[in-house]
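Here's the structure, in structure tokens; my notes come after.
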Amino acid sequence: MFRTFPPQIVAFDLEWCPDPVAGRVLYDLDEGVDDRGVVAEMWRRGGATNEDPQPFLKTLLCRVVSVAGVARTAGGEGTSVTLFSLPTNCDDDTKCREAQIIGGFLERVGKQKRQLVGFNSIASDLKILTQRAFVHGLSIPEFFKRPDKPWTGIDYFARESAGHVDLSEFFSPHGKGKVSLNDLAMLAGIPGKMAVSGEQVPEMWLEGRWQDIVAYNEFDAVTTYLVWLRACHLIGFFNKEEYATEQELMRRELERQIVAGKEHLEEYLIEWDRLMRLPR
């Protein structure tokens, strides 16, 4: 967890939705049933009700449709912050393939040996990445290699390893007191959910709205990163001035991405400024 402060980290977030291929294979559905019909049947068999029409499905039955992250690199030339997302080109079907998205992310992290930072990532994100990488027959030894002892190297799967920080486990008690990323962020002056919620992702995917999914995913990745920055300030890795500098680096990266064409990030900056002005 927060025992060390490595020079390279990546705060990440995933978006996923029911996988029609899994539904057809496991439920032997007629080939004439379209993807929307398969997804509806998956939810029905998952216990859908009028009150809960989209019950949580086992992650193995879902497909990863986007990964977004903020990579922080510190070294002799200073500190850089970069927002990235997969697929890199939503108009290219090959880039949107699940194997390409998962493989591209895990290979990058495994090669660079960055510390992973997520929210509910140990119990959720890391599991679906592992499960779906297995389904696709991927081989990513650099990511899955584990040291003999957690403290002797990067280990993404050991709860006490410095290789993986799960902010949900850091902040949440067990049981009903578990906090959400949205609530934690907004009360700290950081944007939470931005217009879209996770429940809308399956419909967005069925409609082919890849760009909207990626935009939503990027919002959550930036929020995760900003929550991590504040947690680092809380425990003493950054003093007040350093924390302000780190926030400014993220702001500049958002501004750079907006100039490069990601206009949706303007909404994030506007909301960030609004929340920061609220009295506390």
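Just checking the listed ones, Pro18, Pro202, Pro53: in the Gaussian network model of the chain with Cα springs under 10 Å, the one fluctuating most is Pro53. Computed from the C-beta positions of Phe237 and Arg209 and an R0 of 35 Å, the FRET efficiency is 0.35 to the nearest 0.05. Taking 7 Å steps out from each Cα toward its Cβ at Phe5 and Thr245 produces label points 1.1 nm apart. When the solvent-accessible area of the range 29-181 is split by element, carbon and sulfur atoms take up 50 percent of it, the probe being 1.4 Å. Label positions at Lys95 and Val135, each projected 7 Å from the Cα along the C-beta direction, are separated by 2.3 nm. Under a 5 Å amide H cut-off, with hydrogens placed 1.01 Å from N, Phe238 pairs with His233 among residues at least 5 apart or on other chains. What the phi angles of the range 35-47 give under the Karplus curve with 6.51, -1.76 and 1.60, with θ = phi - 60°, is a coupling list of 4, 4, x, 5, 4, 4, 5, 5, 5, 4, 6, x, x Hz, glycine and proline written as x. Using C-alpha pairs under 8 Å with a sequence gap of at least 6, the mean separation divided by the residue count of the chain gives a relative contact order of 22 percent.
Rounded, prolate or oblate, given the Cα gyration tensor of the range 1-160, with a/c below 1.5 counting as rounded?
prolate
If you take the Cα centroid of the range 216-280 and the Cα centroid of the range 30-109, the two points sit 23 Å apart. Just list whichever of Lys176/Lys262; Lys145/Lys240; Lys127/Lys149; Lys58/Lys262; Lys95/Lys178; Lys58/Lys95 have alpha carbons separated by over 31 Å in the model shown. Over 31 Å Cα-Cα: Lys176/Lys262; Lys145/Lys240; Lys58/Lys262; Lys95/Lys178.
For Phe144 and Ser172, a Förster radius of 25 Å and the Cβ-Cβ distance give a FRET efficiency of 0.40, rounded to the nearest 0.05. Test of understanding: given the chain, find the longest segment containing no GluC sites (Glu not before Pro) that are in a DSSP loop and have at most 14 other Cβ atoms within 10 Å. Counting only loop sites that pass the neighbour cut-off, the longest clear stretch is 78-159.
Taking every DSSP helix (H) stretch of at least 4 residues in the chain, weighting each as -39,500 (n - 2.57) and dividing the sum by the residue count yields a mean residue ellipticity at 222 nm of -13500 deg cm²/dmol. Pick from Asn120, Asn217, Asn89: which residue has the top mean-square fluctuation in a GNM of the chain where Cα pairs under 10 Å get a spring? Looking only at Asn120, Asn217, Asn89, the biggest GNM fluctuation is shown by Asn89.
Could you tell me the calculated FRET efficiency between Leu269 and Glu31, based on Cβ-Cβ distance and R0 = 35 angstrom, to the nearest 0.05?
Numbers: r = 47 Å, r/R0 = 1.34.
Calculated value: 0.15.
Residue-wise HN-Hα couplings along the range 164-179, as the Karplus relation 6.51 cos²θ - 1.76 cosθ + 1.60 with θ = phi - 60° gives them from phi, are 8, 10, 9, 5, 5, 5, 5, 9, 9, x, 7, x, 6, x, 4, 8 Hz; Gly and Pro carry x.
The values are calculated or read from the model by the stated rules, or taken from the named source; none is laboratory data. Everything numeric here is computed off the predicted structure, so don't read it as measured data. All Cβ positions, glycine included, derive from the backbone under ideal geometry; neighbour counts span all protein chains shown. For accessibility, only protein heavy atoms count, side chains too; no ligands or nucleic acids. Shrake-Rupley method; radii C 1.70, N 1.55, O 1.52, S 1.80 Å.
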